[in-house]
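Input: a single structure, listed below in structure tokens.
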Amino acid sequence: MDDIDIQNIELQLLLQAIYLKYGYDFRNYAKASIKRRVQHRLSKDGLESISAMQKKVLYDVSFFETLLLDLSINVTEMFRDPKFYLALRKVVIPHLKKYPFLKIWHAGCSSGEEVYSMAIILKEEGLYDRTQIYATDMNEIVLKQAKDGIFNISRLKQYTANYQKAGGQESFSNYYTAHYDHAVMSKSLKENILFSDHNLATDGVFGEMNLIMCRNVLIYFNRDLQNRVLGLFSDSLPNDGILSLGSKESIRFSAFSNNFEDVVREEKIYRKINTDKLTK
Amino acid sequence: MNNIEFEAVVIGSSAGGIKALSSVLSALPSDFPLPIIIVQHLHPQSDSYLAKILESKCKLKVKQADEKETIADGMVYIAPPNYHLLIEDDRSFSLSIEGQVNFARPSVDVLFETAIYGYRDKIVAIILTGANHDGGVGVKKIKQNGGYIIVQTPESAEADAMPKAAIAATDVDKILPLEQIGSFLLQLVNSSIKKRFDKYNNRFSHTNPSFPLKN
């Protein structure tokens, strides 16, 4: 057994300690990314080992909060992957127009950039007023940022370009007010968004949805946790409900592959199919 | 040449990298025994064309790495644009969109640091041409863990910042002009594979001197 094996044991113990003390469950996350970020926190703070970090996590809540931000990846942008949003607008929106009332769940919404992107599309397509959006994340700090809807103005140039590539026809500046170095998203976009705390690793289904957006979240989970979450999504969708994952994520190698069919294959947009028929 | 039985090759490149990667890969035979895992800095919205270009320049199979894919010997894997590529303990890939590292996503450092999780000291790491210092931290860590580092000579690189940063970061094992890197890699890996067979031979030579390979 070498140092790397010992560090692997220490990492398991650290994640167990975090779960037992704080209830955040990283035990079924893909390990490489977690380990790398723990090691960087270790050298940044001059801690001598992951075991030393474990002690600090247990006794120092503010240190835990720092580590929590390290461990939960909150990198996102508005209209990330414009091609996906173009497909959403062209293929999914016409499907959603059939319904008199819509529920959309953004699972793992982080600081909310993609939620506002959705809200903008719904406005432009005349669906916003009959939609309830649920935006959830396990991290209350980023959830607060999402609720505030205030983004750094330096990123707005890229967001505007993304919006246009995603089929946006309006002037993007209609949707925010510039305020010094920040852009405050328009209040009218927030009216039908409910921001709420939800942990995909530990919490359950909370309602039936017409569309679930969960993009670039599953890549951080191991297969077991991916299956748990996809099960949650499958249980939250009626037949014909839409699930969209990140462009490098797939339902095809999961336990729920047979519950879904492709809507736009290359953009990882799926439709739940009637599984009763399959078993007959 | 060395005492390690290598099990993976990792390569980092940036500006001028497509030409440099083609040069290295074209020197390798179709039965090259190890996986080759590459981070080449690309525009975030570029497609998967790099795998196609590289495959047309060499005898190996080249593909973009998929999330959770098990790494196979003899394959060349490219990090997808706009994602970091990581290697897990069980030698499968993970992807991540965590922020840019050294202004890059994918980042060479992220691949190299996590390659250690899956391959420990059994790594050959190669730094080719590039205009920033990505890869410096990664080669240092691979070297500390007993891996082998090859760097393109800054003079033969289209952009010399990345090779220079790697050379400054650690005591690298070999600095070579681009056109020699592929053939040197092949020789290095073959000698490491031969060691594995020698060890195997010696183990059985007590009971049956002719097993399993005849001289």
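What follows draws every value from the coordinates through simple rules; no lab data is involved. All figures in this text were calculated on a predicted structure; none of them were measured in a lab. Note that each Cβ is placed from the backbone with ideal geometry, even for glycine, and that neighbours are counted across all protein chains shown.
Peptide packing: for A:80-91, B:105-116, the average count of neighbouring Cβ atoms within 10 Å per residue gives the ranking B:105-116, A:80-91, highest mean first. Along its principal axes, chain A has C-alpha extents of 61, 58, 28 angstrom, given from the largest down. Neighbour counts of C-beta atoms inside 10 Å place B:158, A:125, B:88, B:67 in the sequence A:125, B:158, B:88, B:67, starting with the fewest.
Express the C-alpha Rg of the protein assembly as shown as a ratio against the empirical globular expectation 2.2 N^0.38 Å, rounded to two decimals.
Working: Rg = 24.6 Å, N = 495, 2.2 N^0.38 = 23.2 Å.
Cα-based Rg divided by the globular estimate yields 1.06.
For the pair residue B:52 and residue B:194, a Förster radius of 30 Å applied to the C-beta separation gives a FRET efficiency near 0.35, rounded to the nearest 0.05.
Pulled fully out, how much extra length does the chain show between residue A:150 and residue A:187, if you take 0.36 nm times their separation in residues and subtract their Cα-Cα distance?
Working: separation 37, 0.36 × 37 = 13.32 nm, distance 1.10 nm.
Separation in residues times 0.36 nm, less the Cα-Cα distance, equals 12.2 nm.
Take the Cα of residue A:97, step 7 Å toward its Cβ, do the same at residue A:52, and the gap between the two points is 6.2 nm. With a Förster radius of 30 Å applied to the C-beta separation of residue B:100 and residue A:140, the computed FRET efficiency comes to 0.70. Hydrophobic long helices, here whole DSSP H runs in chain B with Kyte-Doolittle means of at least 1.0 and Cα atoms spread over 30 Å or more along the helix axis, are not found. Placing pseudo-labels 7 Å out from each Cα toward the beta carbon at residue A:130 and residue A:44 gives an inter-label distance of 4.7 nm.
Across segment B:8-205, how large is the tail of the calculated P(r) beyond 23 Å, expressed as a percent of all Cα pairs? Tail fraction, whole percent: 37. Based on Cα contacts under 8 Å between residues 6+ apart, chain A shows a relative contact order of 17 percent.
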